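What follows is calculated from the coordinates using simple rules that are stated; it is not laboratory data. Quick caveat, the model's predicted, so the values are computed rather than measured. Here the Cβ is made from the backbone with ideal geometry for all residues, glycine too, and neighbour counts use every protein chain on show.
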Amino acid sequence: MSTRIYVWEFPVRLTHWLNVISILTLLFTGFYIGAPFIHAARENQFIMATMRFLHFVAAYVFMACVLVRLYWWFAGNKYARLEQFIPTSSERRKDLIDTLLFYVFLKKDSTHATGHNALAGLAYFLLFIVFIVEILTGFALYSESHVGAFWTLAGGWLFSIFSTGTVRLVHHLLMWIIVPFTIVHVYLSVMGDLLERNGLIGSMLSGYKTQKG
């Protein structure tokens, strides 16, 4: 007997897929901005300007999604709240260890969490810290061509601590944390869906997961 449980609310699903689109856009355009690999065939093809525009639009979308998701840590259902991301209880800490042992093939059975398991929740929490730093460094670089108090608060204040080169390097290096995380995230999601048969992949569209009774 299986039961369908509504786990992922609409804001969680919406921000998830907008993040997918914005991150892919940021990766492609960011690579181009750093090392142009497409050359214009005509003088009126402003490829760099187009790439920068797309990068900035995707950055705004990405920032909005991160802010909404952070807010949903406190406004969402029990599967979206902050306690799902920080293993403060003994039960979540045990789940964290058991899941880690399963992923390194030292435990046969995986934990069956309705929402995020403790390891995934902690990984997403750390990823959001990376996201925040990526946003701050991105807006710091943006503030170099956009003068004003808002841009200083959004990230320009970093230049009072670090040089432009350091901020740019951090912004670039964090991308190399996000890329492998995304690959591992997709792999583990597919593997979890196949092993547990809980509709994990489909749940990011419908919001519902299946739990065996």
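A few comments on the model shown:
- Reachable aspartates and glutamates from Lys212, criterion Cα separation under 17 angstrom, eight or more residues apart if same chain: Asp109, Asp193, Glu196
- Filter on Lys78/Lys107; Lys78/Lys209; Lys107/Lys209 - keep pairs with C-alpha separation over 22 Å: Lys78/Lys107; Lys107/Lys209
- Mean-position separation - Cα centroids, the range 2-50 and the range 174-199, in angstrom: 18
- Degrees separating the helix 47-75 axis from the principal Cα axis of the chain, which is the longest one: 40
- Counting neighbouring beta carbons within 10 Å and listing from fewest to most, the residues Leu67, Leu200 come out as Leu67, Leu200.
- Kirkwood-Stokes translational diffusion coefficient of the range 1-157, alpha-carbon pairs, 25 °C, 0.890 mPa s, µm²/s: 134
- Gain on full stretching of the segment that runs from Val179 to Ile161 - 0.36 nm per residue minus C-alpha separation: 3.8 nm
- Footprinting exposure proxy ranking of Trp176, Trp72, fewest other C-beta atoms within 10 angstrom first, gives Trp176, Trp72.
- Mean separation of Cα contacts under 8 Å (6+ apart) over length of the range 2-212, as relative contact order %: 26
- Peptides 115-125, 44-54 ranked from most to least packed by the mean count of surrounding Cβ atoms within 10 Å: 115-125, 44-54.
- The chain: angle of helix 90-103 to the longest principal axis, Cα-based, in degrees nearest 10: 80
- Alpha-carbon spread of the range 72-213, three principal axes, descending order, Å: 59, 33, 30
- In this rough spin-label picture, where each label sits 7 Å from Cα along the Cβ direction, the Ala35-Glu91 distance is 4.9 nm.
- Summed over qualifying helices (DSSP H, 4 residues or more, each -39500 (n - 2.57)) and divided by its residue number, the chain shows a 222 nm mean residue ellipticity of -22500 deg cm²/dmol.
- Gained length - Ala64 relative to Gln45, 0.36 nm times residue gap less alpha-carbon distance: 3.8 nm
- Hull volume per residue, based on the alpha-carbon atoms of the range 27-85 and their convex hull, is 93 Å³.
- With an a/c value of 1.5 or above and a/b larger than b/c for the gyration tensor axes a ≥ b ≥ c computed over the alpha-carbon atoms, the range 155-213 is described as prolate.
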